[in-house]
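What follows is one structure encoded as structure tokens, with my remarks underneath.
The values are calculated or read from the model by the stated rules, or taken from the named source; none is laboratory data. Please read these numbers as outputs of a predicted model, since none were measured by experiment. Ideal geometry is used to build each Cβ from the backbone, glycine not excepted, and the neighbour counts take in all protein chains shown. Surface accessibility is based on the protein's heavy atoms, side chains included, excluding ligands, DNA and RNA. Shrake-Rupley method; radii C 1.70, N 1.55, O 1.52, S 1.80 Å.
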Amino acid sequence: MDPSSFPTDGGCTCRRVRYRLLTQPMFVHCCHCRWCQRETGTAFALNALIEADRVLLLEGNVEVINTPSNSGKGQKISRCPQCRVAVWSNYAGAGDAIHFVRVGSLDNPDLLPPDIHIYTASRQPWVILPAGTPAVAEYYQRSKYWPAESLVRREAALASEVRT
Ligand SMILES: [Zn+2]
Ligand SMILES: [Zn+2]
């Protein structure tokens, strides 16, 4: 991804919710798990992981819906209260400090191709994964795949959440 493309904006379909990513995200997941397939109605979910305080709500507000998750710990999906399109999720693991922004809700989703494909064990068989992008059958060890700078950002985000 190109850092000079940020800040960049996104939002829901009815345009009541508009948000801005202040910087590039830490990492981008393409998740092929059955849960993401069901929740999106398609073959995978594309999530940009970014600190919550780097996502600025420009217009509107989000409705937070508690939703079951694969881990059993649940996820909070933030949706437009009017059109109900989801703009980001928060998972139990990283808590409220890290938003999983739905890349398809960006005005220019082409900016954020996946850094890794996960849960490829349940990948729909017609999806051909590109050579050159890491792919793992289930989850992965963060230290093996994330850029050092992103690991530092994540630690800082989690530490700030504990303080507040
Ligand atoms: Zn909307
Ligand atoms: Zn998934």
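Data for the structure
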{"item": "Helix-only [θ]222 nm of the chain, DSSP H runs n ≥ 4, -39500 (n - 2.57) each, per residue, nearest 500", "result": "-4500 deg cm²/dmol"}
{"item": "³J(HN,Hα) computed for each position of the stretch 7-19 - Karplus, 6.51 cos²θ - 1.76 cosθ + 1.60, integer Hz, glycine/proline x", "result": "x, 9, 10, x, x, 7, 6, 8, 6, 6, 9, 10, 9"}
{"item": "Table column - 3J(HN,Hα) (Hz), the stretch 26-39, Karplus curve with 6.51, -1.76, 1.60, x for Gly and Pro", "result": "7, 6, 10, 9, 10, 9, 9, 6, 5, 5, 5, 4, 5, 5"}
{"item": "C83 long-range amide H proximity, modeled H, under 5 Å", "result": "C14"}
{"item": "Orientation-averaged projected area, Cα convex hull of the stretch 1-96 (nm²)", "result": "6.2 nm²"}
{"item": "Cβ-based net charge around Y145, under 15 Å, with every Lys or Arg adding one and every Asp or Glu removing one", "result": "+1"}
{"item": "Accessible solvent surface per residue of the chain, calculated while the other protein chains remain in place, 1.4 angstrom probe, Å²", "result": "52 Å²"}
{"item": "Separation of the D96 and K144 label points, Cα + 7 Å toward Cβ, nm", "result": "3.4 nm"}
{"item": "Distant-in-sequence amide H partners of W88 (H built 1.01 Å from N, under 5 Å)", "result": "S78, R102"}
{"item": "Counted charge near E59, where neighbours are those whose Cβ lies closer than 11 Å (Asp, Glu -1; Lys, Arg +1)", "result": "+3"}
{"item": "The stretch 27-70 - Kirkwood radius from inverse mean 1/r over Cα pairs (Å)", "result": "12.5 Å"}
{"item": "Percent carbon-and-sulfur accessible area, the chain, ignoring ligands, DNA and RNA, probe 1.4 Å", "result": "52 percent"}
{"item": "At 0.890 mPa s and 25 °C, Stokes D of the stretch 117-158 from Kirkwood alpha-carbon radius, µm² per second", "result": "204 µm²/s"}
{"item": "Antiparallel %, DSSP beta bridges [both residues in the chain], to 5", "result": "90 percent"}
{"item": "Distance cut-off 18 Å, percentage of C-alpha pairs in the chain lying past it", "result": "59 percent"}
{"item": "In order through the stretch 102-113: 3J(HN,Hα) via Karplus (6.51 cos²θ - 1.76 cosθ + 1.60), integer Hz, x for Gly, Pro", "result": "6, 4, x, 8, 6, 4, 10, x, 5, 5, 10, x"}
{"item": "Over the chain, relative contact order from alpha-carbon pairs under 8 Å, at least 6 apart, %", "result": "25 percent"}
